[in-house]
1. Scan region 101-131 for residues that are closer than 14 Å to residue 84 by Cα, part of a loop (DSSP other than H, G, I, E, B) and in contact with a Leu (Cβ under 9 Å, 6 or more places away or on another chain) and jot them down.
2. (1) crowded, with 19+ Cβ neighbours inside 10 Å; (2) touching a Pro at 6+ places or on another chain (Cβ under 9 Å): which one isn't true of residue 148, the others all being true?
3. Applying the selection to region 132-143, what residues are in contact (Cβ under 8 Å) with a residue 24 or more places away in the chain, small (Gly, Ala, Ser) and not in a strand (DSSP E or B)?
4. Specify the residue that is farthest from the chain's Cα centre (by Cα); the eligible residues are those in region 37-49 that are crowded, with 17+ Cβ neighbours inside 10 Å and not aliphatic (A, V, I, L, M).
5. Restricting region 120-145 to residues that are hydrophobic (A, V, I, L, M, F, W, C) and buried (at least 16 other Cβ atoms within 10 Å of the Cβ), which is nearest to residue 62 (Cα to Cα)?
6. May I ask you to verify whether residue 164 is crowded, with 16+ Cβ neighbours inside 10 Å, in contact (Cβ under 8 Å) with a residue 40 or more places away in the chain and either in contact with a Lys or Arg (Cβ under 6 Å, 6 or more places away or on another chain) or not aliphatic (A, V, I, L, M) (or both)?
Amino acid sequence: MLDRFASLTTAHVADGCVRAGVPVRCGPAGMRPVVGDRVAGRVAPARHVGSVDVFLEAYERAKPGDVLVVDNGGRVDESCAGDLAVLEAKAAGLSGVVIWGLHRDTADVRAIGLPVFSLGSLPTGPLRLDPRPSDALDSARFGEWTVTPDDIVFGDDDGVLFVPSAQLDAVLGHAETIRDTERRQADRIRSGETLRDQLRFAEFLERRRERPDLTLREHLRAIGGAIEV
């Protein structure tokens, strides 16, 4: 999985989901890497309620290569993970930390080097301790989605998204096909052949005059284009 994602982007994976008929489950806009530019691994969920012990317990359960996925409800009034939580994740063999919320200790987190994604940073940690739900380590909310250890998380400079592990091979297969097609298209643009020519855009406009309901997506599928999926 990691080897296959190394030559893909989250955009490729999202388009692969569309081609495979799998819901596209992106994290909220604004999710960006704090350190490292890529992450991929099985979800190790943790619902944060104000105390770091839920992370430590998640590490006890996690397998090497998993990614801690923290549900802090997207809160922007507190940070929920800092350098010690990230350092312990690295010691536990995790491949990254992805937070629906904020982090702190940015300089130290960057020095640790483990990939971390979050919505941003804030100096203060939690000033609360809420009741912990019984399923705090079974699933995590991430924006509008609920993710579990049956999901794989991918992240890069565009953000993060989640793919069910049962559909992973199909999604990545489509993503690789799209990647290869788009690379060929880009090479042809650089060689002087415009994208409009490649996609026979003038032909599309002519056909649309005859059939006003024709969409670019239908046209591209008919000619094997990959940009509109």
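1. Selection gives 104, 105, 114.
2. For residue 148, the exception is condition (1).
3. Hits for region 132-143 are 136, 139, 143.
4. Looking at the filtered set, the residue picked out is 48.
5. Looking at residues that are hydrophobic (A, V, I, L, M, F, W, C) and buried (at least 16 other Cβ atoms within 10 Å of the Cβ), I get 137.
6. Against the criterion (crowded, with 16+ Cβ neighbours inside 10 Å, in contact (Cβ under 8 Å) with a residue 40 or more places away in the chain and either in contact with a Lys or Arg (Cβ under 6 Å, 6 or more places away or on another chain) or not aliphatic (A, V, I, L, M) (or both)), residue 164 qualifies.
Values in this text are rule-based calculations from the coordinates and carry no lab data. Please read all numbers here as calculations on a predicted model, not as lab measurements. Because the Cβ atoms are built from the backbone with ideal geometry, glycine has one as well, and the counts that use them run over all protein chains shown.
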